[in-house]
1. Per residue and in Å³, how big is the convex hull formed by the alpha-carbon atoms of the protein assembly as shown?
2. With +1 on each Lys and Arg Cβ and -1 on each Asp and Glu Cβ, how big is the dipole of the protein assembly as shown about its Cα centre, in debye rounded to the nearest 20?
3. In Å, what Kirkwood hydrodynamic radius results for chain A from the alpha-carbon pair distances?
4. Calculate the spin-label point distance for A:Thr20 paired with B:Asp38, positioning each point 7 Å from the Cα along the beta-carbon direction, and give it in nanometres.
5. Kindly state, to the nearest 0.05, the FRET efficiency for A:Ser5 paired with B:Thr20, given R0 = 45 Å and r defined as their beta-carbon distance.
6. Can you return the lysines within cross-link range of B:Lys41? Criterion is Cα-Cα under 16 Å, with same-chain partners fewer than 8 residues away left out.
7. Which value, in debye to the nearest 20, describes the size of the charge dipole of chain A about its Cα centre when Lys and Arg Cβ atoms bear +1, Asp and Glu Cβ atoms bear -1, and nothing else is charged?
8. Once fully extended, how much extra length lies between A:Phe74 and A:Tyr99, figured as 0.36 nm per residue of separation less the alpha-carbon to alpha-carbon distance?
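Nothing in this text is a laboratory measurement; each read-out follows from the coordinates by a stated rule. It should be emphasised that the depicted structure is a prediction, and the values quoted were computed from it without experimental measurement. Cβ placement follows ideal geometry from the backbone for every residue including glycine, while neighbour counts extend to all protein chains displayed.
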Amino acid sequence: DTGVSQDPRHKITKRGQNVTFRCDPISEHNRLYWYRQTLGQGPEFLTYFQNEAQLEKSRLLSDRFSAERPKGSFSTLEIQRTEQGDSAMYLCASSLAGYLEQFFGPGTRLTVL
Amino acid sequence: ELKVEQNPLFLSMQEGKNYTIYCNYSTTSDRLYWYRQDPGKSLESLFVLLSNGAVKQEGRLMASLDTKARLSTLHITAAVHDLSATYFCAVTSDSNYQLIWGAGTKLIIKP
């Protein structure tokens, strides 16, 4: 299958720990997006890459959050010193520049205890 | 600031009935998206609407866009149980790539 993949699918951690999530986009897609979704809400934009360049960060993305896309392929999202309010589904999406649709991965569900 | 409102937020209906979900947005945006999400699953793209008067149909779902009214509708015809899901609309911001999402409409279709 050549869709967007995310790893892990579920993560349970204790408050204060660091976590890292990985996203592998569709292979030819040069744009990659991270969103966060809490229960009963629509996704909220976090950040966006075109190739390896991080072009936009939401003000939701505090300094505890960092994202990278080192070679313009997969991306990682790290959360340092997790807080209970970080519990959410973290979604990754990818698209081709100039195309309209964003294709979403299955998400990583984070639970901070 | 671009905001998106959907209504209703929850809808329970019988199989075979027709209904419409509404999506209003606050400022000019020329791209509107509809996505479907099943419980615990990710988002599946349904429609991308680009221009005023655009209408797209797939099976029992039909989406339309009125950019002057800043309104999109998702119409369900003769609903079947398999359409039970949460439906989201989203629009692009000025930056042309960031999707701004509605809160979703949870649709339950009873046999």
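1. Working: hull volume 27.5 nm³, N = 224.
So the per-residue Cα hull volume is 123 Å³.
2. On the way: 25 positive and 23 negative charges, 102 e Å.
About 480 debye.
3. Values: mean 1/r = 0.0716 Å⁻¹.
The answer is 14.0 Å.
4. Between B:Asp38 and A:Thr20, the label points sit 3.3 nm apart.
5. Values: r = 35 Å, r/R0 = 0.78.
Between A:Ser5 and B:Thr20 the formula returns 0.80.
6. Within the straight-line limit of under 16 Å, B:Lys41 reaches these lysines: A:Lys11, B:Lys106.
7. So the magnitude is around 420 debye.
8. Net length gain for the segment: 7.1 nm.
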